[in-house]
Structures are given as C-alpha cells and as structure tokens.
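The values are calculated or read from the model by the stated rules, or taken from the named source; none is laboratory data. All values derive from a computational prediction rather than experimental measurement. Virtual Cβ from ideal backbone geometry, glycine too; neighbours counted across all protein chains shown.
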C-alpha cells in the first residue's frame, strides 16, 4: 500500500499522510496497517452485491457486517480482499451461519459482475475516478432547490 501512496503523492509526503491517517483512525478505534496488498476489488464488490441480495430477501443486515469485516481485514489485518478464499472467510466471520457455499459459488461464477461493471462505467461517465467521492446532492426545501457539494464524516 505504501508503494501506491508514494506513486500518488511522492515519497516526501507519505510519512505525514500516514501519521495523519493513523490519528484519524484511532479516533474511531481503527489501527491502520498499511503494508497489505492492493489488488482488484471486483470480487470484494461481488461479495457486497451478494450481501445486498441477502438483505433484500431476508432483511438480515448482512451487508453492513460483511463490509465492516472487509475493511477491518484490509486496513487492520492486511488481508487480501481480492482473494476468494479470504472473502469467503471474512463473510463467515462476519455472519455466522451464512451459507458459505453460496458465497463461494457467487464469487467463482461471476454472479453480479455485469451490474458492478455497469455501475462502474456509469460512475466513470459521470467523471468519478476514485475514492473518496465528493457527490453533489439536490434536495427540495420549502419549494426551493438547494445544492450541496462535499462529504461528511460518518455519523
């Protein structure tokens, strides 16, 4: 991960950025470890799509638990979230009793990939290139339309 940071911001800025990230993480109980592998996140997004489908069908709260598990695995435990075995293990740790054979089948057969690729293409068309994303949101208030740009810390 450090190599990617050096590539993006230059070696001279990385130590300060890492220290800042560590301070922010500790405020929320996150102990960032930045030595893990950065790989293609398509399968991680596939797992999220599987969990969303589970939530729609069963109203089970699977998505939040698994996403939190993925973030912890990647950012604190330096596990490879591009690896199917790792993702299946994360799902099992996050949601005891989840049908892991179905999770593995979903990931290995490419289910959900077309929709993920469609959404990624749509985001690129809208000029979104990475994270974090600053979104522009329009909402009506007393018959007037307000626009806000930006992001906010998690609630």
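Taking the conditions (1) touching a helix residue (DSSP H, G or I) at 6+ places or on another chain (Cβ under 7 Å); (2) free of Cβ contacts under 8 Å to residues at least 40 places away in the same chain in turn, residue 32 satisfies each one other than (2). Looking across segment 16-56, just one residue is modelled with pLDDT under 85 and exposed (fewer than 12 other Cβ atoms within 10 Å of the Cβ), and that is 35.
Within segment 57-76, does at least one residue satisfy the condition of being in contact (Cβ under 8 Å) with a residue 60 or more places away in the chain, in the same structural domain as residue 106 (by the TED database) and under 18 Å from residue 113 (Cα atoms)? Even if it seems obvious, please write down each step before you answer.
To start, the set of residues in segment 57-76 that are in contact (Cβ under 8 Å) with a residue 60 or more places away in the chain comprises none.
No, there is no match, as no residue in segment 57-76 is in contact (Cβ under 8 Å) with a residue 60 or more places away in the chain, in the same structural domain as residue 106 (by the TED database) and under 18 Å from residue 113 (Cα atoms).
Of the helices (runs of 4 or more DSSP H) lying entirely inside segment 75-137, those carrying at least 3 residues that are modelled with pLDDT under 95 and touching a helix residue (DSSP H, G or I) at 6+ places or on another chain (Cβ under 9 Å) are 113-125. Each residue in segment 89-127 was checked for being in contact (Cβ under 8 Å) with a residue 24 or more places away in the chain, over 17 Å from the mean Cα position of the chain (by Cα) and under 14 Å from residue 42 (Cβ atoms), and 4 pass.
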